[in-house]
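S.K.: My structure is below; once you've seen it, I'll send some questions.
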Amino acid sequence: MPSKVFTDQELMTVGNAVLQQYGGPPMDDSGQARKSYALMPSPPPGWYPPPVEPSECGVFHEPWQHQAQLDLTMGFAMGLVPIGGWPGPGMILLDVRSAPRDSLARADFDYTDELLSRCATFDKTESSVRGPEVYTVHLLTAPKIGEKAYAMKTSWQGRDIRLGLRVLAGTLSIDLGFNSGFAMSDADALELMEQIAQQFVDEANKPTRG
């Protein structure tokens, strides 16, 4: 597993080596995001995690929540993988952050296998112009990537709308998200996200990155 803490630039370099295989744009420059977040309260207004039931299941974060809970002390980078060419009909969003392993485990993976089982299905409530809306979250079979990983599917009124994958691998916390119903099936999207996460870990592990 990666053991060094990566800077923003190092994460972007690793990410670009992976993402260039998929024909998309390079990883975003983290500098501007850092400037924007530095001016905001922490966390930014409106980005608080929505309430969940049972409440203990709130440790399982939705895709892209890193961006809402950005910790400026950690290295981070963001990018995307186009589906069906660039620009295309769909995309997988990727964000990665790097910090000492224990810090990432507390921030993003603070759960036991028992809790993972108990939270196989839970509800969360989000605000909308129509009022509160209840979404159902399903935790899927965890892929064999890194030290800890979980995948989740979110549905609303019986329709799948979001798919996410989170992986802890040493000093890396990898977050991928996909909007369901566009460009490919959820099964294919999850397989692709698992592939990207594994490639990122493998690339970060190369001796030239150490």
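S.K.: By count of other Cβ within 10 Å, fewest leading, how are LYS148, LYS206 ordered?
M.R.: With the sparsest Cβ surroundings first, the list reads LYS206, LYS148.
S.K.: Label-point separation (nm) for ASP102 and GLU147, each offset 7 Å from Cα along Cα-to-Cβ?
M.R.: 1.1
S.K.: Follow-up. For SER30, SER173, SER103, SER128, what's the fewest-to-most ordering of other Cβ within 10 Å of each Cβ?
M.R.: With the sparsest Cβ surroundings first, the list reads SER128, SER103, SER30, SER173.
S.K.: Hey, another quick one. Among the listed pairs LYS35/LYS206; LYS4/LYS153; LYS124/LYS148, which have their C-alpha atoms separated by more than 26 angstrom in this model?
M.R.: LYS35/LYS206; LYS4/LYS153
S.K.: Taking the Cβ of each residue in LEU115, LEU80 as the centre, tally the other Cβ atoms inside 10 Å and list the residues starting with the fewest.
M.R.: Ascending Cβ contact count within 10 Å gives the list LEU115, LEU80.
S.K.: Can you compute the charge dipole magnitude of segment 105-210 about its Cα centre, using +1 on each Lys and Arg Cβ and -1 on each Asp and Glu Cβ, nothing else charged? Give it in debye, rounded to the nearest 20.
M.R.: 140
S.K.: Charges on Cβ only, +1 for Lys and Arg, -1 for Asp and Glu, centred on the Cα centroid of segment 86-147; of THR141, LEU93, LEU104, which one is farthest towards the dipole's positive end?
M.R.: Selected residue: LEU93.
Every read-out reported here was derived from the displayed coordinates using simple, explicitly stated rules and does not represent laboratory data. What you see is a predicted model; the values in this text were computed from it and never measured. Here Cβ is always computed from backbone atoms with ideal geometry, including for glycine, and neighbour counts include all displayed protein chains.
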